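Encoded as C-alpha cells, the structure appears first; notes follow it.
The values are calculated or read from the model by the stated rules, or taken from the named source; none is laboratory data. Every value quoted in this text rests on a predicted model; they were computed, and no experiment measured them. Here the Cβ positions follow ideal geometry from the backbone for every residue, glycine too, while neighbour counts run over all protein chains shown. Ligands, DNA and RNA are excluded from the accessible area calculation, which covers all protein heavy atoms including side chains. Shrake-Rupley method; radii C 1.70, N 1.55, O 1.52, S 1.80 Å.
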Amino acid sequence: MWLYLAAFVGLYYLLHWYRERQVVSHLQDKYVFITGCDSGFGNLLARQLDARGLRVLAACLTEKGAEQLRGQTSDRLETVTLDVTKMESIAAATQWVKEHVGDRGLWGLVNNAGILTPITLFYNIMKEGLLNCSTNLNLVTDCMEHALTSVHPRTRYSAGWDAKFFFIPLSYLPTSLADYILTRSWPKPAQAV
C-alpha cells in the first residue's frame, strides 16, 4: 500500500516538474515591454529576459538609466524614456512600441512603474529590516520570467519561502487584520495628524 502511494506521489512530482520546465517556442520572436527599468525589478527582469533571447522593450525614467541598461545587454534590448505621470510621454512610448512591434504584437507587458505597488511596499519593508525576509530580487523576477516564458504558467506565484508561509496566508485574512499584523511593528510617527 505504502509503495503504491510513494510511487503515485513520485509520479505526480515528476509530471509537475516536467510541466514546469516546458518553454514557449520561438522566444526570439516575442516582444516584451517592461516599465521601470532604471533599477530594481524592472532592470533585473529586462536583463534576464534579454539573456533568454526575448526582444525586450525597456522603458526607463532617465536617459542615464537607459544607457546603463543598454551597456549591460545585447542588441535585442531597446530602450525608451517614459515618465508614467505625463500623458504625452505615455503617448510617445505607446507609438514607439507600435512602431517596433508592428503586426507581431506584444507578447507581454510588465509594469514595474508605480507610486507604491504591493511588491515595492514589501521590498521596502524588507530593506528597512522591519521583516526578516530575503532581499534577493531574483526570487521575484524568476517568477515573472516563468510567467512570460512557460507553456503552462501558474495561476499564482509565490517568491520565496517567506511568501509561501507568511504573505500568502496573510492575504486570505480580512484586510483590517492583515494591515494590523503588517503595520504593528512599524515605527510610529512623532506627531499624529
*When both residues are 6+ apart or on different chains and their Cβ atoms are under 8 Å apart, which pairs have a first residue that lies in the stretch 141-163 and is in contact (Cβ under 8 Å) with a residue 12 or more places away in the chain and outside any helix (DSSP H, G or I), and a second that is crowded, with 17+ Cβ neighbours inside 10 Å and of a type outside the set (A, V, I, L, M, F, W, C)?*
Ala159/Asp142
_Just to verify a result, which residue in the stretch 169-187, among those that are open to solvent by less than 40 Å² (accessible area, probe 1.4 Å) and at pLDDT 80 or above, is nearest to His16 (Cα to Cα)?_
Leu170
_Here is a check on your reading of the model: is Leu77 of a type in the set (A, V, I, L, M), open to solvent by less than 60 Å² (accessible area, probe 1.4 Å) and either at negative phi or over 18 Å from the mean Cα position of the chain (by Cα) (or both)?_
yes
*Going by the structure shown, is Val97 over 18 Å from Asn112 (Cβ atoms), open to solvent by less than 70 Å² (accessible area, probe 1.4 Å) and assigned to a helix (DSSP H, G or I)?*
no
*Restricting attention to the stretch 5-38, which residues are crowded, with 16+ Cβ neighbours inside 10 Å and not acidic (Asp, Glu)?*
Leu27, Lys30, Tyr31, Val32, Phe33, Ile34, Thr35, Gly36, Cys37
*Which one of these does Tyr4 not meet: (1) in a helix (DSSP H, G or I); (2) at pLDDT 90 or above; (3) aromatic (Phe, Trp, Tyr); (4) closer than 18 Å to His146 by Cα?*
(4)
